[in-house]
Amino acid sequence: MPRIQHLTLAIVFAALPTIALAWNAQGHQEVGAVADRLIAGSHAEQWVKYLLGKQTLQTVSVWADCARGVKSIDGKPPAYQDNPQYAECAPFSGAEGAKRFESFALRNWKQCGSAHGADFCHTHYHYTDISNLHDHYQAGYVGANNEDVVHAINAAIAVLRGQAAPAPFDFADKQEALMLLAHYVGDIHQPLHVAALYLDADGKVVDPDIVGYKIGDDTAGGNNIIDGNKPFHAEWDAPPSTPHTFDDQVAVLLKAAKQVKPTGGDLAGWSTAWANDSIQVSPPVFAGLRFTMKPAASAHPENFPEKWEATGIDADYQSRADAIKMQQLAKAGARLAQLLEAIWPDDQALPPAPK
Ligand SMILES: [Zn+2]
């Protein structure tokens, strides 16, 4: 739920008791699990263990989404609200875990300005919104900005390499940067976290870099497009429907991940290359769909100015989607591992003795 606005959160929670997080928890944990297996035996594995202690890339892959549990209720100071519905956040519960979430969220709270309404800065770090009519990510395009997922990945890499994160990012230390990186690398491979539909009032796809950006054309990464009672974005956050179990999916993903070619070039360009790739795999995400404008249903039309109903999501679409999801999850796991091995190559120092 990366772009759902703060004011409408309560309404949305009421309407959607099982609201999906970006690649929901299972997808992110699969990305982490694949990377955990791929780095086994490397110096990168030793560094991950040193920084994460008992946790693994699999378990910390959801930490950035769990941090959304830091909220200000009834004007009280923002605090982490444990939500038993999100079992994946349980490893970080308790007073110390809550303090860590609150510290991160408050360091990354308001400095992004008023873009995306009252949404909090750290919630912007999960996505970028490049028109699907483009074939690549570019600074200056509508939807690209300094707090998007392309920049968030680079900020986390900087901290892991001992440099400061550029503004607006405020990451406390290498442990936090690694937890965030394990999440953002998953997000940038979810096509709807990168390629966005902008729709005019007739449901026609428009390019905001040509017609000009209008809030009414912004589908918020597909969150304002509804399929039945489900946001289109959530359709793509859901894990593939087959194989059925977590372990079976990880086994298939691991096999595919071993075939993923290295990104190449300087690390600083990898997140842009991955964003480009997500845009380039996205045409089937939108192909064959039609969109009909619905009047604003929310009590806060300033946040949800319009909604669109999608048609064309049938069994064939779902099976094509499953294949794309598997491919993207495998790439994410492979690239997370490749990135960590590039940050901590085998010919460089091991970490100090484990914490
Ligand atoms: Zn996310």
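Side notes on the structure shown:
- Meets criteria (within 16 Å of the ligand (Cβ to nearest atom), surrounded by 19 or more Cβ atoms within 10 Å (Cβ to Cβ), of a type in the set (S, T, N, Q) and modelled with pLDDT under 95) for Thr128: no
- Test: Ala35 is more than 25 Å from Cys121 (Cα to Cα), at pLDDT 95 or above and in contact with a Ser or Thr (Cβ under 9 Å, 6 or more places away or on another chain): yes
- The number of residues in the range 189-207 being part of a strand (DSSP E or B) and within 16 Å of the ligand (Cβ to nearest atom) comes to 2.
- All told, Pro243 falls short of being out of contact with any Pro (no Cβ under 9 Å at 6 or more places or on another chain), under 30 Å from Ala156 (Cα atoms) and at pLDDT below 95.
- Per-region count, the range 164-215, residues under 18 Å from Trp109 (Cβ atoms) and over 23 Å from the mean Cα position of the chain (by Cα): 0
- Check on Ile210, part of a helix (DSSP H, G or I), more than 23 Å from Leu329 (Cα to Cα) and more than 14 Å from the ligand (Cβ to nearest atom): yes
- Being touching a residue at least 40 places away in the same chain (Cβ under 8 Å), away from the ligand (no atom under 16 Å from the Cβ) and under 23 Å from Ala234 (Cβ atoms) holds for only one residue in Gln46, Gln29, Gln81, Gln85, and it is Gln85.
- The listed residue being of a type outside the set (Lys, Arg) and touching a Lys or Arg at 6+ places or on another chain (Cβ under 6 Å), out of Leu160, Leu180: Leu160
So that you can scan it fast, the table gives a plain yes or no per residue for (1) touching a His at 6+ places or on another chain (Cβ under 8 Å); (2) among the polar types (S, T, N, Q):
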residue: Glu30; (1), (2): no, no
residue: Leu38; (1), (2): no, no
residue: His43; (1), (2): no, no
residue: Trp47; (1), (2): no, no
residue: Gln81; (1), (2): no, yes
residue: Tyr86; (1), (2): no, no
residue: Gly97; (1), (2): no, no
residue: Asn108; (1), (2): yes, yes
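Matching residues to (1) in a helix (DSSP H, G or I); (2) at positive phi; (3) in contact with a Phe, Trp or Tyr (Cβ under 7 Å, 6 or more places away or on another chain):
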position: Thr123; (1), (2), (3): yes, no, no
position: Gly162; (1), (2), (3): no, yes, no
position: Leu180; (1), (2), (3): yes, no, yes
position: Tyr184; (1), (2), (3): yes, no, yes
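The values are calculated or read from the model by the stated rules, or taken from the named source; none is laboratory data. Bear in mind that the values here come from a model prediction, so they are computed numbers and not experimental data. Positions of Cβ are backbone-derived with ideal geometry, glycine not excepted, and every protein chain shown enters the neighbour counts.
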